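Read through the structure below, which is laid out as structure tokens, and then see the notes.
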Amino acid sequence: MAKAMLLVALLVSLAAAYYAWRASPRHQGLLQAPGLKQEVRVQRDAHGVPTVQAKSIPDLAFAVGFSHAQDRGWQLEVQRRIGQGRLAEAFGATALETDRFLRALGVHRVAQAQWAWQERHGDPEARAALQAYAAGVNAGWRSQARPPEMVVLGLSFEEFTPVDSLAWALMMAWDLGTNWNTELLRLRLALQLPGSERLQRIQDLLPPYPGDRHPETEDYPALYASLGLGAQAQTQLAQVAAATQRFAESGVEGAGSNNWAVAGSRSSTGQPLLANDPHLKLQSPTLWYLARLQAPGLKVAGAMLPGLPFITLGQNEHIAWAFTNTGPDTQDLYLEELRQSAGGPWEARTPDGWAPLSTREEVIRIRGGGEERMQVRASRHGPLISDAGPGRELLEGRDGRRFALALRWAALDVEQDPTATSLRVNRASSVDAFFEAMRGWHSPQQNMLVAERGAEGKPQGEIAYLAPARVPTRSSENRLHGLAPAPGWDARYDWGPYLPFEALPSQRQPTRGWLATANQKIHGADYPHHLSHEWALPHRQQRIEQWLQDRPQHDLDSLAALHADQKSLSVPKLLPLLQKSARAHGQQAFDVLRGFSGDMQADSPAPAIYWAWVRQLTLAVLEDDLGEPLAKQTLGAGRSFQSALEVLLKNEQQPWCDDRRTPAVETCSQQAQLALQRAMDELSQRLGPDPQRWRWGELHQAKGEHRPFSRVPLLRPFFEVKGPVGGDTYTVNVARVRLSADWAGELYTDDHGPAYRALYDLADPQQSRAIISTGQSGLPWSRHYRDQLQPWLDVKYLPLWQAAAKSELVLMP
């Protein structure tokens, strides 16, 4: 028996080894790749970063797609399914909610329409590149065995198409769009909050940007009450929010980015330096992919998004560019009043009477058998996202009136060609050329910094800022200002034309010698156009400005030190109340917090106490008014209400501090002390009885979730990449703190962060450097699956350009 078991084990091991060999990409030798016109060389360095050398743009795009499929085959498959709304086919009924929303949103249908428009009006070279990229993905998939996720789930590859690339570009725009989610939250708060002063209470929870005032706004809670919306609508809106939360946790806080540029006059090299670290959801493998691309007229390196053929953020021979999210108001929700006559079509009320909705049937297939058919509808404003509810019930109002929620989103416009814009940027040879390329940028709006190396007539180069996008104008009679869902039958709330390119914010060669953005408000009171009322708190921006101003000159090392900075300027806003509570609590807490000023080091106990206390205090202040489901769902979506707490807790008798569920009238100090007691009890259970031995990094783990094997306990250690980090939601080295338990029941994890960091030297590109949060490979047995994790945790970098080739694969036509 023992010999038989040993033989079985040996056979299983041999089979597993053979499979791993077949599923691993080939990086050496010659390989036939039908679809190429000429040979392409793909050299890889010690970390698996490819340098792709081609003799034409289509062949370059083919080889890029081939390399993406080799290294990130499963990632491409998941992204393709997200774009098509076909996750339930792979993951079962647990993904049905998300598929409903994706079908209602209509991303794949819009991508199909964009591709058809590009055939008639787009750039032929960009279109050829997308076709070649898709062919390369399919050839790469066929060159090796399926990745383990597909084997376990019993899935086979389907053809990747250019439409899948366009759909993924739309999904990236969705991930960077937050305005609609805040509008939905305002509607839900209007239906949920007790008392008569609901508008004021919503404004308390969602205060204006520091130094600004709330715009004069129509009393939208009264508007919704006049329509008769109530508890039933709240239930369905919660389902819509839950569906989106599964694949894109929209929230301003922590889901932003940093970038800053130093002019040649402030640089040790005499030419510009540029830094970037976009903050997106952490995943395994990371969203980003490092590459160096070379073709006639093109030599560029940086970070790519698998699914797209060109560099998204990076450097070429002349310029470097870096993005952060602007957060513009390019999304509006509309309450559409609907009616249906017997046997007739659904109609929506418009300013000119009733008009039929466009309707189509979607069939969602579910793993394990079965399917669901759903009617997806759209009004003149856009898709009815409330159709994503499980029963697609209408929002019931007074006197039998029925309503639905429609989304107007600029990114759903058909007439755009993002691939052409990306190719022009990759080739741009100057700031002027970069600006000209960005005339074609549609969505999402980004704060773009560009640095140009010195040349004749411009020896110190140039730095510049631009925020391009299609940003709608709104009527002066629109007194909702895009803040809350508007009546879809009232023309006052319709969009006007987009702002012209020349009206968008820009700046070139600032006299102070630097530029920086961190999702803060990007314009002053003299800017004549409306971009947004939703900006990230300025804490990161203020810290970056301090750093840049305090030193007369900078080099790459000082920029790297700023990347690593873990000083949180949000802490001093609430720290006096915490320290007061600690003095009342006892010596242990007071000793730990003595001298603490916001340095969020992973090996320190103070940040753990601070954030556990903030979480408990937030729940104490809000949960009785919002209700437990709305409070926890909102916190789970990444909104901490930090800006509200910073204002509300200044008033000791703040009504928000009173717990409506108790007969006593609690003050803010009392709630703060009770919150600290609960926080200390919680941390004692999690980390042990001695606060001096607590470590923030034990709680605060950067966690790259793997779809779907993070949710399989036996497989999680092999597929999920994680590690301890310092910082918090408001440090330059962002590590967003989760205040609501995730699907695994974990609190305080970092699920959004700088998954890509880069420093660009315009004087000597060989000094430029970059890092991603996991590794190049999506295969868990590969040495490149997590080999960049530790350097990333330590804020170290790899060479962006100069790296010796360790292998060479020649793709032959």
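Taking the options LEU223, LEU185, name whichever one is part of a helix (DSSP H, G or I), touching a Lys or Arg at 6+ places or on another chain (Cβ under 8 Å) and touching a residue at least 40 places away in the same chain (Cβ under 8 Å). Can you show your working first?
On the way: LEU223 fails: touching a Lys or Arg at 6+ places or on another chain (Cβ under 8 Å).
None of the other options fit; the residue is LEU185.
Under 6 Å by Cβ, and 6 or more places apart or on different chains, what pairs join a residue from the stretch 355-375 that is at negative phi with one that is of a type in the set (Phe, Trp, Tyr) and surrounded by 12 or more Cβ atoms within 10 Å (Cβ to Cβ)?
LEU357/TRP346
Is there a residue in the stretch 647-654 that is modelled with pLDDT of 90 or more and assigned to a helix (DSSP H, G or I)?
There is at least one residue in the stretch 647-654 that is modelled with pLDDT of 90 or more and assigned to a helix (DSSP H, G or I).
Of all residues in the stretch 108-121, count the ones that are open to solvent by 20 Å² or more (accessible area, probe 1.4 Å) and over 20 Å from the mean Cα position of the chain (by Cα).
9
Which of the residues that make up the stretch 655-674 are assigned to a helix (DSSP H, G or I) and over 19 Å from ASP591 (Cβ atoms)?
If the condition is that a residue be assigned to a helix (DSSP H, G or I) and over 19 Å from ASP591 (Cβ atoms), then PRO655, TRP656, CYS657, CYS668, SER669, GLN670, GLN671, LEU674 are the ones that fit.
List pairs: first in the stretch 423-444 and more than 13 Å from GLU317 (Cβ to Cβ), second in a helix (DSSP H, G or I) and open to solvent by 60 Å² or more (accessible area, probe 1.4 Å), Cβ under 6 Å, 6+ apart or cross-chain?
If the second residue must be in a helix (DSSP H, G or I) and open to solvent by 60 Å² or more (accessible area, probe 1.4 Å), the pairs left are ALA437/ARG424.
Quick check on my filter: what residues within the stretch 537-555 are crowded, with 21+ Cβ neighbours inside 10 Å and either part of a helix (DSSP H, G or I) or touching a Cys at 6+ places or on another chain (Cβ under 7 Å) (or both)?
Of everything in the stretch 537-555, those that are crowded, with 21+ Cβ neighbours inside 10 Å and either part of a helix (DSSP H, G or I) or touching a Cys at 6+ places or on another chain (Cβ under 7 Å) (or both) turn out to be HIS539, ARG540, GLN541, ARG543, ILE544, LEU548.
Out of the residues in the stretch 306-322 that are out of contact with any Ser or Thr (no Cβ under 7 Å at 6 or more places or on another chain) and open to solvent by 10 Å² or more (accessible area, probe 1.4 Å), state the one that is farthest from TYR465 (Cα to Cα).
GLU317
Residue check: is THR517 out of contact with any His (no Cβ under 6 Å at 6 or more places or on another chain), surrounded by fewer than 20 Cβ atoms within 10 Å (Cβ to Cβ) and among the β-branched types (Val, Ile, Thr)?
No; evaluated as a whole, the condition is false for this residue.
If a residue must be more than 22 Å from ASP413 (Cβ to Cβ) and open to solvent by 60 Å² or more (accessible area, probe 1.4 Å), how many such residues does the stretch 459-485 contain?
The total comes to 5.
Please specify each residue of the stretch 340-358 satisfying the condition of being modelled with pLDDT of 95 or more and either open to solvent by less than 40 Å² (accessible area, probe 1.4 Å) or assigned to a strand (DSSP E or B) (or both).
Once the filter is applied, which keeps residues that are modelled with pLDDT of 95 or more and either open to solvent by less than 40 Å² (accessible area, probe 1.4 Å) or assigned to a strand (DSSP E or B) (or both), the stretch 340-358 yields GLU347, ALA348, ARG349, THR350, GLY353, TRP354, ALA355, PRO356, LEU357, SER358.
Only one residue in GLN192, GLN232 is in contact (Cβ under 8 Å) with a residue 24 or more places away in the chain and in contact with a Gly (Cβ under 8 Å, 6 or more places away or on another chain). Which one?
On inspection, the qualifying residue turns out to be GLN192.
So which residues in the stretch 406-421 are touching a residue at least 40 places away in the same chain (Cβ under 8 Å), part of a helix (DSSP H, G or I) and surrounded by fewer than 22 Cβ atoms within 10 Å (Cβ to Cβ), if there are any at all?
Listed by number, the list holds a single entry, ALA420.
The values are calculated or read from the model by the stated rules, or taken from the named source; none is laboratory data. All values reported here derive from a predicted model rather than from experimental measurement. Note that we place each Cβ from the backbone using ideal geometry, even for glycine, and neighbour counts take in every protein chain shown. For the accessible areas, the whole protein counts, side chains as well, though only heavy atoms, and no ligand, DNA or RNA atoms are used. Shrake-Rupley method; radii C 1.70, N 1.55, O 1.52, S 1.80 Å.
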